[in-house]
Amino acid sequence: MTQVTDTTPQDEGERPPALSVGPLGWMRANLFNTWFNSALTILILWILIETIPPLLDWVIFSAVWGDVGPEPCRAGEGVGACWSFIHEKGRLILFGLYPSAEQWRPMLVMVLFIGLVAASARRELWSRNLAYAWGIGAVVMFVLMYGGVFGMEYVSNTQWGGLPLTLGLSTIGLVVAFPLGVILALGRRSNMPAVRSICVVYIELIRGVPLITVLFMASVLFPLFLPTGVTIDKLLRAQVGMILFAAAYLAEVVRGGLQAIPKGQYEAAESLGLGYWRKMRLIILPQALRISIPPLVNTFIGFFKDTTLVIIIGLFDLLNAAKAALTDREWAGFYMEGYLFCAIIYFVFCYSMSRYSQNLERKLQTGHARR
Amino acid sequence: MTAHEMAAETGQHGIIQMLGVNKWFGEFHVLRDINLSVDQGEKIVICGPSGSGKSTLIRCINALEEYQRGQIIVDGVPLTNNLKNIDAVRSEVGMVFQQFNLFPHLTVLENLTLAPIWVRKVPKREAEETAMYFLGRVKIPEQAAKYPGQLSGGQQQRVAIARSLCMRPKVMLFDEPTSALDPEMIKEVLDVMIELANEGITMLCVTHEMGFARTVANRVIFMDRGQIIEQNEPEEFFNNPQSERTQLFLSQILSH
């Protein structure tokens, strides 16, 4: 005998039990679901209560603000932060040894740079014009930094420093290293033994040494091989060293993405008559790079912070400029303030990258879940 | 000896000619002395137990697999290691895969227009018109703006067929096009294929859909262990199989 239940379920009056929904339900399910979790919750609450108020007190309420010199800080040392240190040394930390009368130039460069980045983050603005804007922007930024024209004083790049140096080294580094990394990754998966060997050797060699070694070689060893009289700019050498280093890491990240693309995608592209480069550019790389976004951004962030190693060739990026500021006898000892200031700046940039990448991942999601 | 076998022997005629083709995967001999000639407009169904080399055979025809001995000529172009020849053959031969292999990062419409635009250099608008025409033919024009991941398996496979058709191929290869589909979706794909067959396109199809073979095939080929064991018109093939292996295979797949 067949039984058929073909009535529409009545959806009236039936509510889930009160304690399983809403904030109370959430707390019960997540914070107090077992005795162990309850204990952890209480422990963490206690730690927060013990640490947050003193921290706020140090950072804000008992801190010394404004242009008051080091004395009030010394008087209340250990009680509150000395933000007058940042007030006094902020420009040194941000711009390094750049002549102070000319510091409006790196300031302008950063505004321009951040504006361009912000515009590029909006996909609807991606166009040929944006590329032109970057081209013109890059020239303007370099002219502003170097000067020597339009009545601006010439500033040698050995005097550049602080945040513009950090941003410049990392941006140019990544922009050049990324295509290089993609090519290395493709080369490592190539069918041609010579190409593959070269890429493998390069990647393994570069990954096998610390960045600081690469920079050291670029700055100290490399000039020894040049004929006398020929010099290559110190900053350029460091930049090239960083590019070569980043490319090896990015290559491995991209290779990971390439390996995740099913063979069928290659075959489908081939069966439609697409040649190698078109197949890669139109079919394989767009998918491989999308799934590589999290590790790519991870590498970007690491690289952004690694630029601080240019201290080895005597350049003062953001962090090293802060260290330099701390060598002032009058202001000695205010490490916390200096490092916290740098940390906040680093965090703002790194966190923005991270958030943007998550946003990009969501936008590029095209229903991979169902396949 | 049938007319086809004679054509194969003499190396004459035929849009596809395979002469003494042998292929090994490492030590494993997957294709043994394959001689096959396919005439323009012919519909061929290839069947056989799994591992018999039937997929490998049709994948050789558009150079997705290399072969070690023999010769394959497609529409007068010999398939060698020459990349130009390979690309020329591939743009004339459409391929439909078991797993659809649509490009998940592109919309349905972009999947269809990509190859015509980049390989055939067709203007974008014209490519889109063609794409919409073929989407209409496979009866899903309303899905053009969606991504493949949003479609059912049957719809995806129909998009894949339309994608191949947009290149206006002379030959269509189908590699078990319905094997990855849920039963209720098989019919919608087969219907599209039958319609296509009735229009006179040359078609090679690896499938176990014997109903489809009876309806559209001019010739059914049975393969086992890398060899073509038997080939005949469907009526004769099913009702009066000659070799023991064919009989065994047919009894296994038709018994229920």
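Projected onto planes of every orientation and averaged, the convex hull of the alpha-carbon atoms in the range A:119-275 covers 14.0 nm². In summary, the range A:31-148 shows an alpha-carbon radius of gyration equal to 1.75 times the 2.2 N^0.38 Å reference for compact globular proteins.
The 3J(HN,Hα) values that the Karplus relation (6.51, -1.76, 1.60; θ = phi - 60°) gives for the range A:60-69 are, in residue order, 10, 5, 9, 6, 9, 10, x, 8, 10, x Hz. Gly and Pro appear as x. The GluC sites (Glu not before Pro) found in the range B:167-228 that occupy coil by DSSP, while having at most 16 further C-beta atoms within 10 Å, are B:Glu199.
Amide hydrogen proximity for B:Gly70: with H placed 1.01 Å from N in the peptide plane, the residues at 5 or more positions away or on another chain lying under 5 Å are B:Asn22. Other residues lying with their Cβ under 13 Å from the Cβ of A:Leu215 contribute a combined charge of 0, Lys and Arg counting +1, Asp and Glu -1.
The per residue volume of the convex hull around the alpha-carbon atoms of chain B is 129 Å³. In a fully extended conformation the segment linking A:Arg207 and A:Val175 would gain 9.6 nm over its present Cα-Cα distance, using 0.36 nm per residue. Rounded to the nearest whole Hz, the Karplus-based 3J(HN,Hα) values (6.51 cos²θ - 1.76 cosθ + 1.60, θ = phi - 60°) of the range B:173-186 follow the sequence 10, 10, 9, 6, x, 10, 5, 9, 9, 5, x, 6, 9, 4, with x at glycine and proline.
May I ask you to evaluate 6.51 cos²θ - 1.76 cosθ + 1.60, the Karplus curve with θ = phi - 60°, for each residue of the range A:141-156 and list the ³J(HN,Hα) values in order in whole Hz, giving x for glycine and proline? Result, rounded to whole Hz: 5, 5, 4, 4, 5, 7, x, x, 10, 6, x, 8, 5, 6, 10, 5. The trypsin sites (Lys or Arg not before Pro) of the range B:72-180 meeting both criteria, a DSSP state outside H, G, I, E and B (loop) and at most 11 other C-beta atoms within 10 angstrom of the site's C-beta, are B:Lys121. DSSP finds beta bridges in the protein assembly as shown, and of those with both partners inside it, around 50 percent are antiparallel. Taking a ≥ b ≥ c as the square roots of the eigenvalues of the alpha-carbon gyration tensor, the range B:8-105 is classed rounded because a/c is under 1.5.
The chymotrypsin sites (Phe, Trp or Tyr not before Pro) of the range A:128-159 meeting both criteria, a DSSP state outside H, G, I, E and B (loop) and at most 13 other C-beta atoms within 10 angstrom of the site's C-beta, are A:Phe150, A:Tyr154. If you sort the three axes of the alpha carbon gyration tensor as a ≥ b ≥ c, you get a/c of 1.5 or more for the range A:124-188 and a/b no higher than b/c, which makes it oblate. In the structure shown, do any of A:Lys323/A:Lys363; B:Lys54/B:Lys124; A:Lys279/B:Lys54; A:Lys263/B:Lys170; B:Lys121/B:Lys187 have a Cα-Cα gap over 32 Å, and if so which? Listed pairs above 32 Å: A:Lys323/A:Lys363; B:Lys54/B:Lys124; B:Lys121/B:Lys187.
With only Cα atoms counted, the range B:131-256 has Rg and Dmax values of 16.2, 51 Å. Rg of the Cα atoms in chain A, relative to 2.2 N^0.38 Å, amounts to 1.32.
Both radii are taken from the alpha-carbon atoms of the range A:200-257; with Rh as the Kirkwood radius, Rg/Rh is 1.06.
Taking amide H as placed 1.01 Å from N in the peptide plane, B:Asp75 has its amide H under 5 Å from the amide H of B:Ile16, B:Gln17, each at least 5 places away in sequence or on another chain. Average 1/r across all pairs of distinct alpha carbons in the protein assembly as shown, invert it, and you get the Kirkwood radius: 30.5 Å.
Multiplying the residue separation of A:Lys305 and A:Leu24 by 0.36 nm and subtracting their alpha-carbon distance yields 97.0 nm.
Each reported figure results from applying straightforward, stated rules to the coordinates on display, with no laboratory input. Since the structure is predicted, the reported quantities are computational estimates derived from the model, not experimental observations. All Cβ positions, glycine included, derive from the backbone under ideal geometry; neighbour counts span all protein chains shown.
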